[in-house]
Amino acid sequence: MTIGYAGDTLCPGSIQDVYFDKDRNAWVLSRYVDVAAAFRSASLHPVGPRGVLKLDKLVANNAERLRMRSETTDALAPAILHGWETEIRGLAQQILDDLPTSRPVDLVHQYADPVCKRLASLATNIAETEAESLLVFAAELSAAAAEPFDKSLATKAKAAEVHLRQHFHSGPLALRESGFVALSQTLPRMLANVWLPLIRQPGEWRRLHFEPALTPRAIEELLRYAGLTRILFRMASQSIQFNGAGIHEGDRLILGVSLANRDPAYFRSPDHLDIARRRINHLSFGIGHHSCVGAPLIRMALVTLTYLLVERYHEAALYQDFQWQGGSGFRFPGALCVLLRS
């Protein structure tokens with residue numbers, strides 16, 4: 001299966017027509033039009049990499065998901081997001097004030113991690129001291145999501161989820177233990193992925209430094225070019241057609257999100273990073289009724305932390321190599337050690 005990034009680069013593998021992967025017992029979609037249609041389809045439902053749900057439970061899960069979306073949308077009202085943005089902006093600026101330019105710094109562990117941990121505490125309404133003690137369990141859930149086909153990681157994640165659930169009792173379900181994992185673990189990895197292309201292409205970093213108002217658009221392009229999500233899973237509740245392939249009721253599908261975001265049939269020069277690109281419409285957060293309900297929160301954090309970083313420094317040069325971490329679910333640099341120049 002050629003889904004995801006090849007080797008240690010941010011370049012996806014090959015895009016193909018819909019085909020059935022016997023090893024995974026699932027249909028694989030990688031063209032933009034097919035993955036986008038899968039997100040929009042009311043007949044395809046989110047499932048895990050191995051989990052096979054009965055169709056009646058799929059329908060019940062869908063109804064519960066719609067209720068959770070409504071609750072989470074209300075909890076992420078613009079006024080609430082603005083308050084959280086103000087909070088993390090203050091912390092981010094304080095950290096940037098203290099970062100040295102005379103020696104290397106790790107943008108992930110010294111900048112992204114502490115700000116994302118604060119945001120995780122704010123959004124899930126949990127004390128920072130308690131949150132700190134839960135990070136090890138959140139990391140186990142994140143590791144299983146990064147490599148969803150590893151059964152041993154899945155077993156550890158299941159136990160970690162049970163432990164985490166005991167500490168979150170209020171607010172929408174999406175902003176409890178899953179929200180804590182997403183903000184404390186997934187978000188820093190997303191930041192590492194979107195910062196890396198800017199570091200490797202200093203011309204685009206400098207362009208953003210002198211035109212920081214481009215940051216929201218740049219983030220959308222960076223999510224297309226280097227978004228964290230590589231694959232997602234679906235199950236069909238009824239028979240449908242995709243690009244000539246007959247998907248039957250109960251069939252499982254793998255959506256190649258990272259490949260679709262580089263589809264030359266949809267994006268002009270898809271392997272070229274252009275922070276001012278106008279037609280983006282990436283699939284990193286999904287689309288339609290299966291889009292990520294937390295996307296406004298994630299976008300706020302990505303834009304805020306990136307804006308402050310590139311506005312402060314006109315260059316960040318890699319000081320040492322790094323190791324890729326993660327797996328077929330998502331992949332990210334374990335660290336970004338750079339020399340900053342203001």
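The values are calculated or read from the model by the stated rules, or taken from the named source; none is laboratory data. Since the structure is predicted, the reported quantities are computational estimates derived from the model, not experimental observations. No Cβ is skipped: glycine too gets one built from the backbone with ideal geometry, and neighbour counts run over all protein chains shown.
Things to note:
- For region 26-39, the set of residues classified as out of contact with any Asp or Glu (no Cβ under 9 Å at 6 or more places or on another chain) and not aliphatic (A, V, I, L, M) consists of Phe39 only.
- Screening region 273-342 for strands (runs of 3 or more DSSP E) wholly inside it with 2 or more residues that are touching a residue at least 60 places away in the same chain (Cβ under 8 Å) and under 16 Å from the mean Cα position of the chain (by Cα) returns the ranges 324-326, 331-333.
- Hits in region 91-125 (condition: hydroxyl-bearing (Ser, Thr, Tyr) and either out of contact with any helix residue (DSSP H, G or I) (no Cβ under 6 Å at 6 or more places or on another chain) or not in a helix (DSSP H, G or I) (or both)): Thr101, Ser102
For (1) touching a Phe, Trp or Tyr at 6+ places or on another chain (Cβ under 6 Å); (2) over 27 Å from Thr101 (Cα atoms), each residue gets a yes or a no:
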| site | (1), (2) |
| --- | --- |
| Pro216 | no, no |
| Phe233 | no, yes |
| Leu253 | yes, yes |
| Pro270 | no, yes |
| Gly288 | yes, yes |
| Gln320 | no, no |
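- If the condition is being within 21 Å of the chain's Cα centre (by Cα) and not small (Gly, Ala, Ser), then region 25-44 contributes Val28, Leu29, Arg31, Tyr32, Val33, Asp34, Val35, Phe39, Arg40, Leu44.
- Taken as a whole, region 209-225 holds at least one residue that is at pLDDT 95 or above, at negative phi and among the polar types (S, T, N, Q).
- Unmet requirement for Gln238, which otherwise passes all of (1) out of contact with any strand residue (DSSP E or B) (no Cβ under 8 Å at 6 or more places or on another chain); (2) modelled with pLDDT of 95 or more: (2)
- Going through (1) surrounded by fewer than 17 Cβ atoms within 10 Å (Cβ to Cβ); (2) within 18 Å of Gly294 (Cα to Cα); (3) at pLDDT below 95 one by one, Lys54 falls short only on (2).
- Val338 at pLDDT 95 or above and not polar (S, T, N, Q): yes
- In the condition set (1) buried (at least 17 other Cβ atoms within 10 Å of the Cβ); (2) farther than 20 Å from Gln16 by Cα, His289 is compliant with all but (1).
- Each residue in region 299-332 was checked for being at pLDDT below 95, under 19 Å from Gly227 (Cα atoms) and touching a Leu at 6+ places or on another chain (Cβ under 6 Å), and 1 pass.
- Residue match in region 183-192 (condition: among the β-branched types (Val, Ile, Thr) and within 15 Å of Val293 (Cβ to Cβ)): yes
- Those residues of region 84-103 which are touching a Lys or Arg at 6+ places or on another chain (Cβ under 8 Å) and either closer than 15 Å to Thr306 by Cα or in contact (Cβ under 8 Å) with a residue 60 or more places away in the chain (or both), in sequence order: Ile88, Leu91, Leu96, Thr101
- From Glu249, Glu221, residue being surrounded by fewer than 20 Cβ atoms within 10 Å (Cβ to Cβ) and of a type outside the set (Gly, Ala, Ser): Glu249
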